[in-house]
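**Student:** Quick one: structure below, then a few questions.
The values are calculated or read from the model by the stated rules, or taken from the named source; none is laboratory data. If you're wondering where the values come from, they're calculated on a predicted model, not measured in any experiment. We place every Cβ from the backbone using ideal geometry, glycine too, and count neighbours over all the protein chains shown. Heads up: the accessible areas ignore ligands, DNA and RNA and are worked out on the full protein's heavy atoms, side chains in. Shrake-Rupley method; radii C 1.70, N 1.55, O 1.52, S 1.80 Å.
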Amino acid sequence: SKLAIAEALTNIVWAPLTRNLSGVALSANWMWPAKNEGENARLYNAVQAISDFSIALGISVPTGKDSLSMTQKYKEGVVFSPGTVIISAVAEVSDLKKAVTPVLKNIENSEILYIDFSNSKSFELGGSSFAQTLDLLGTKTPDVENATYFATCFNALQELIGNGKILAGHDISAGGMITSLLEMNFANTKSGLKVDLSAFNSNIVEILFSEKPSVLVQVQNSLEIIEFLSKKGVSSYKIANINFKREFEIKKNSESYNLDIDALRKIWFKTSYLLDKKQSGEILAKKRFDNFDRQVLNYKFNSDFTGKMSKYWTETSKRTAKAAIIREKGVNGDREMAFSLYKAGFSVKDVHMTDLISGREDLSDVNMIVFVGGFSNSDVLGSAKGWAGAFLYNEKAKIALSNFYARKDTLSLGVCNGCQLMVELDLIQPQHEKKAKMLHNESHKFESAFLTVDVLENDSIILKSLSNNKLGIWVAHGEGKFQLPYEESDYKIAMKYSYAEYPANPNGSDYNTAAICSADGRHLAMMPHLERAIMPWQWANYPENRNDEVSPWLEAFVNARVWIENQIL
């Protein structure tokens, strides 16, 4: 129970919290076969440990749930679920841009420090992943011997993070120190580590595979950090220097090992591949496995992109361009989209389908409409088909939409579920006899990923200024495959996925299509979520050498506003 709390806290510590540890609240989920002999006593002890430890740390457990009949009867007998407590931690973040990630930074003369939160000199292996690989449980698990010391470590690390002293960090839990060190390098393709464990008295296997609560931090001035921690009463040890080879050199006294990081990364990923075979099938699972280290994230921004918000909008300007968010029950991208439009200088209004169906809204006072992402009507009729029906079979909604598209001073954008809607309503290429369709992803499962897209030379009013950019973006859809019955040249494809193969082309779209626009460039349908990537901190990966306030995607919304303002004038 204490280890569950410790792991939750050593996970959340990497974001700067408004009130440090005292601002954390926990949720406990009890999964227990309580009706069986002896289990109620074990459950009582587990709950008591949670209570005692959280009180000693000065934090609360205000919520949780229990599942106390964790047994399943079969003809062959009864299977008992092991008693388990799952801890979730939540806290207010003071500045998310200062949050530390696990990815090792390619910075010369940087070093790795080990900070033990458990206040224990021994490295126990009981209950560890290492023991499990040997088909053993072990006799003694790690523990947190001093809650006050744990809290001191947490708050000291918080102070370092708030002051920008930590380059990267990773908790030590499942798999032990060796797994954490490797994971810090797996997403970094340029460097490795020279590790020396001579500071510890235990043997190398115990040191590398023990899962006692502790953390690893990458810093530039290790002596300064060690001195700072020492003054706080926290012990820390320098254990590694960065090198620029894709290998680990691990040494402890006379023992030494060289590990190939890229080879171990394939082993690390293989478990996911074996599970993925059961979901995506052998062919696509194999493609994901083959391509995970080939489909790299590379970016290309306009040379004049400054990343400064002031280039695009100042609050002293008038919001003359009006946009409407079109919602149906089940969509979930409306607030992000409204914020993106507002950030770009639009006046934004919220329009639900019931407003259009009843006639309360007719879209006559807006110049741009956006069909947002989500799962309209829970997609029970297929992607956006129920939403399309609401337009097709309700006279007032149908007339409002037809009148809007008949005007020459209007723009429209459909993202994800909204893209499916625009294709279903045939709003992009009404001149085509054979209609485009949105089909299930080739994997036949929901795909969520951060990947890159190529913005092609295009005539889209929204995307034209971003032509020849290569940008990071989120996808999250189950039916995102563009089926385009004509030749590629018959479509105005504005954006493509950067790689033809799965998973960087997450749905198998014809011609790698990620976005298509109308012949006049005014109407755009795209599957990726540009509204979820207008800020650098929204990207899963952003160029390290930039200090931008906004990402290039904001320019797409600004383009729409400027065009509308010119129409109004």
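**Student:** Taking the alpha-carbon centroid of each part, what is the distance from the stretch 384-407 to the stretch 1-24 in angstrom?
**Tutor:** One Cα centre to the other: 49 Å.
**Student:** Still on this structure, please answer the following. Give me a comma-separated list of calculated 3J(HN,Hα) values for the stretch 103-119, in order, Karplus coefficients 6.51, -1.76, 1.60 applied at θ = phi - 60°, integers in Hz, x for any Gly or Pro.
**Tutor:** Once θ is set to phi - 60°, the couplings for the stretch 103-119 become 6, 4, 7, 7, 10, 5, 6, 8, 9, 10, 10, 9, 10, 8, 7, 7, 6 Hz.
**Student:** Just by accessible area at a 1.4 angstrom probe, what is the order of Lys464, Lys165, Lys2 from largest to smallest?
**Tutor:** Accessible-area ranking of Lys464, Lys165, Lys2, largest first: Lys464, Lys165, Lys2.
**Student:** Just read off the accessible area of Asp362 with the full protein assembly in place, 1.4 Å probe, to the nearest 10 Å².
**Tutor:** Near enough 80 Å² of accessible area.
**Student:** Could you give the angle, 0 to 90 degrees to the nearest 10, between helix 395-406's Cα long axis and the longest principal axis of the Cα atoms of the chain?
**Tutor:** Computed tilt is about 80 degrees.
**Student:** Suppose accessible area is computed on protein heavy atoms with a 1.4 Å probe; arrange Glu249, Glu501, Glu555 from highest to lowest.
**Tutor:** Heavy-atom accessible area, descending, gives Glu501, Glu249, Glu555.
**Student:** Once phi is turned into ³J(HN,Hα) by the Karplus curve 6.51 cos²θ - 1.76 cosθ + 1.60 with θ = phi - 60°, what whole-Hz value does each residue of the stretch 130-137 show in order, with x for glycine and proline?
**Tutor:** Taking θ as phi minus 60°, the curve returns 4, 4, 4, 5, 9, 6, 10, 9 Hz for the stretch 130-137.
**Student:** Could you state the angle between the C-alpha long axis of helix 147-162 and the longest principal axis of the C-alpha atoms of the chain, as a value from 0 to 90 degrees rounded to the nearest 10?
**Tutor:** It works out to around 40 degrees.
**Student:** How tilted is helix 2-12 with respect to the longest principal axis of the chain? Cα atoms for both, answer in degrees (0 to 90, nearest 10).
**Tutor:** Taking the Cα atoms of the chain, the angle to 2-12 is about 40 degrees.
**Student:** Here's something else I'd like to know. Filter the trypsin sites (Lys or Arg not before Pro) in the stretch 13-122 down to the DSSP loop ones having no more than 10 other Cβ atoms within 10 Å, then list what survives.
**Tutor:** When the trypsin sites (Lys or Arg not before Pro) of the stretch 13-122 are filtered for loop state and at most 10 Cβ neighbours within 10 Å, Lys75 remain.
**Student:** From largest accessible area down, sort Ser60, Ser22; use a 1.4 Å probe on the protein chains.
**Tutor:** Per-residue accessible area, sorted high to low, gives Ser22, Ser60.
**Student:** For the chain, with only Lys/Arg (+1) and Asp/Glu (-1) charged at the beta-carbon, what is the dipole magnitude about the Cα centre, in debye rounded to 20?
**Tutor:** Computed about the Cα centre, the dipole is about 380 debye.
**Student:** Turning to a different aspect of this structure: Decide, for the stretch 29-105, between rounded, prolate and oblate: order the square roots of the alpha carbon gyration tensor eigenvalues as a ≥ b ≥ c, take rounded if a/c falls under 1.5, and otherwise choose prolate if a/b is larger than b/c, else oblate.
**Tutor:** prolate
**Student:** By a straight-distance test (C-alpha under 20 Å), which aspartates and glutamates pair with Lys322 as possible cross-link partners, with residues fewer than eight away in the same chain excluded?
**Tutor:** List returned: Asp334, Glu336, Asp350, Asp355, Glu361, Asp362, Asp365, Asp409, Glu531, Glu555, Glu565.
**Student:** Rolling a 1.4 Å sphere over the protein heavy atoms, what is the accessible area per residue of the chain, to the nearest Å²?
**Tutor:** Accessible surface, normalised per residue, equals 47 Å².
**Student:** Here's a follow-up. Calculated FRET efficiency, Met31 and Leu134, Cβ-Cβ r, R0 22 Å, to nearest 0.05?
**Tutor:** Working from the Cβ atoms, E equals 0.30.
**Student:** Over the chain, what is the relative contact order in whole percent, taking alpha-carbon pairs under 8 Å and six or more residues apart?
**Tutor:** 11 percent
**Student:** So, one more: Please give the FRET efficiency for Trp537 paired with Glu76, using the beta carbon to beta carbon distance and R0 = 56 Å, rounded to the nearest 0.05.
**Tutor:** With R0 = 56 Å, the Cβ-Cβ based efficiency is 0.60.
**Student:** Also: What is the antiparallel percent of DSSP beta bridges lying wholly in the chain, to the nearest 5?
**Tutor:** 70 percent
**Student:** Once neighbouring chains are kept in place and the probe is 1.4 Å, which whole percent of the accessible area of the chain is contributed by carbon and sulfur?
**Tutor:** Within the chain, the accessible surface is 51 percent carbon and sulfur.
**Student:** Taking the Cα centre of the chain as the origin and placing charges on Cβ (Lys, Arg +1; Asp, Glu -1), which of Trp14, Gly192, Leu137 is farthest toward the positive end of the dipole?
**Tutor:** Trp14
**Student:** So, one more: Just read off the accessible area of Leu57 with the full protein assembly in place, 1.4 Å probe, to the nearest 10 Å².
**Tutor:** 10 Å²
**Student:** Please give the FRET efficiency for Arg319 paired with Asn201, using the beta carbon to beta carbon distance and R0 = 41 Å, rounded to the nearest 0.05.
**Tutor:** 0.05
**Student:** What are the residues whose amide H is under 5 Å from the amide H of Leu411, where those residues sit 5 or more places off or on another chain and H is modelled from the backbone?
**Tutor:** Distant-sequence amide H within range of Leu411: Met368, Ile369.
**Student:** Here's a follow-up. What's the ranking of 383-390, 141-148, 265-272 by average number of surrounding C-beta atoms within 10 Å, highest first?
**Tutor:** Packing order, densest peptide first, comes out as 383-390, 141-148, 265-272.
**Student:** Give me the percent relative contact order of the stretch 253-372, please, defined on Cα pairs under 8 angstrom at least 6 residues apart.
**Tutor:** RCO, the stretch 253-372: 23 percent.
**Student:** So what are the ³J(HN,Hα) numbers for the stretch 546-562, from phi and the Karplus equation (6.51, -1.76, 1.60; θ = phi - 60°), rounded to whole Hz, Gly and Pro as x?
**Tutor:** 10, 10, 7, 7, 9, 8, x, 5, 4, 4, 4, 6, 5, 4, 5, 4, 4
**Student:** Still on this structure: In terms of the Cα gyration tensor, with a ≥ b ≥ c the square roots of its eigenvalues, is the stretch 1-151 rounded because a/c is under 1.5, prolate because a/b exceeds b/c, or oblate?
**Tutor:** Verdict is prolate for the stretch 1-151.
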